[in-house]
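The values are calculated or read from the model by the stated rules, or taken from the named source; none is laboratory data. Computed from a prediction, not measured in an experiment: that's the story for all the values here. Positions of Cβ are generated from backbone atoms using ideal geometry, with glycine treated the same way; all protein chains shown enter the neighbour counts.
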Amino acid sequence: MNAAPTDTPPQRQSRWFLALFALAAAGGAVAYVPLLTVLLPQRIADLQGGEDVAALAQVTFLGALMASIANIAVGMLSDRSRTRRPWIIAGLIASNLLLLAVGRAESVAEIVVLVMVWQVALNLMLAPLMAWAGDCFPDEQKGVLGGALALSPALGALAGSLVTYAGLVAPEARLMLVAVLVSALVLPAVVLGKGRERPALMAPVLRTREPRPFRQRVVARMWAARLLVQVAEGGMFAFLLYWLRSLSPDYPENGAANVFSAVLVCAVPISLLLGRWSDRHGRPIQPLVATAVLCACGMLVMAAADTLVLAIAGYVLFAIAAAIFLALHASQTLRVLPAPQHRARDLGVFNLTNTVPGMVMPWFTVLLVPRFGYGALFVLFAALSLASAVLLAGFVRRR
């Protein structure tokens, strides 16, 4: 691969823009976490007169499928237009309007259609937003950018708690509050970020005749490593409460939610420290290897746990490590993508590691746990996390 020549190296971004971009990325999480985890299941229950797991599974699966396709397609369009901010604003407006429409749906069939269209609009915002980071932040800031991205799942979880907090807002106004929060988080970076792109980071890369270049193998390793950790993280996200109640039948529902939120909040400062360390020492992959190994350790503790205290300790270790891994991986992916002119499209391919596990892991877990128990599932997840670490460690050695 040969890059087009540039006159000057890319300049570092100021801290204020880094902070605004982190908030904008968190706005993307706030756009979907409260809806998919709390508000959508409740809306389906209201329409059906009770919990309907099949209807929720259908909405989730079709929505994830549409998100996978839309992220790649929108990414290609924003690459071709060589601009990001207009797409982000259009996606913000469209997704907010469709979010409000979900609250007015009168049937599950209508919800299915609206959520599928909403996923397209949401990815109209998310796909160019993450590609914009690659246009703006040089490699020397990729680590601290990844640390800042850990804010996204934390604020997403906190937003879910906020909009459902008793007495704060009426149930019919919750989706409006979500739309307001998303707008407040996304718009400052988009409005004030004009001209923050770095031409050296957007210069097209010309292909050579080199067979299977090293960078493409690095991309494949990065993709597979993230997928393996996402499978483990997605499986735990879906069945955490059920597992804890298998150890303690009286474990409260809000207990799992509180542990989940606390873990994500704790991951933010650690991610920032590790990201800054990787920038200063020029070692972008080492924190990923370390956190993947810690994910496996946490899973093995969970597999061996026979008390609630040990179980929660193992989960906390796993969940903090996984949150750090996914945040730092998201920014370091921008470092290894082979062609800036296809950055958003390639990020859409990486986005499959987020959506595919959510579509397949719940069904896989249902087949595995009744026969072998949760311990076997956790050992499998630990093996996947170790495989992720091996993939990335091999890349470090070859560098």
Can you pull out the helices (runs of 4 or more DSSP H) entirely within segment 107-204 that have at least 2 residues that are modelled with pLDDT of 90 or more?
108-136, 142-149, 151-163, 174-192
Mind checking which residues of segment 353-380 are buried (at least 20 other Cβ atoms within 10 Å of the Cβ) and at pLDDT 90 or above?
Thr353, Phe378
Can you tell me which of Ala305, Ala319, Ala383 is assigned by TED's automatic domain parsing to the domain that holds Cys266 and crowded, with 22+ Cβ neighbours inside 10 Å?
Ala319
Quick one: is Val265 out of contact with any Asp or Glu (no Cβ under 6 Å at 6 or more places or on another chain), loosely packed, with under 15 Cβ neighbours inside 10 Å, in the same structural domain as Gly235 (by TED's automatic domain parsing) and not hydroxyl-bearing (Ser, Thr, Tyr)?
no
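Residue-wise test of (1) within 21 Å of Leu114 (Cβ to Cβ); (2) assigned to a helix (DSSP H, G or I); (3) more than 17 Å from the chain's Cα centre (by Cα).
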| residue | (1), (2), (3) |
| --- | --- |
| Ala54 | yes, yes, yes |
| Gln58 | yes, yes, yes |
| Leu65 | yes, yes, no |
| Ser68 | yes, yes, no |
| Ile72 | no, yes, no |
| Asp79 | no, yes, yes |
| Thr83 | no, no, yes |
| Ala90 | yes, yes, yes |
Quick one: how many residues across segment 305-319 are closer than 23 Å to Gly156 by Cβ and either more than 14 Å from the chain's Cα centre (by Cα) or modelled with pLDDT of 95 or more (or both)?
5
Do the conditions hold for Ser78, that is, is it in contact (Cβ under 8 Å) with a residue 12 or more places away in the chain and touching a Phe, Trp or Tyr at 6+ places or on another chain (Cβ under 6 Å)?
yes
Ala157 fails exactly one of (1) under 19 Å from Asp46 (Cα atoms); (2) touching a Ser or Thr at 6+ places or on another chain (Cβ under 7 Å), namely (1)
Regarding Tyr374, is this residue assigned to a helix (DSSP H, G or I), within 14 Å of Gly235 (Cα to Cα), more than 23 Å from the chain's Cα centre (by Cα) and of a type in the set (Phe, Trp, Tyr)?
yes
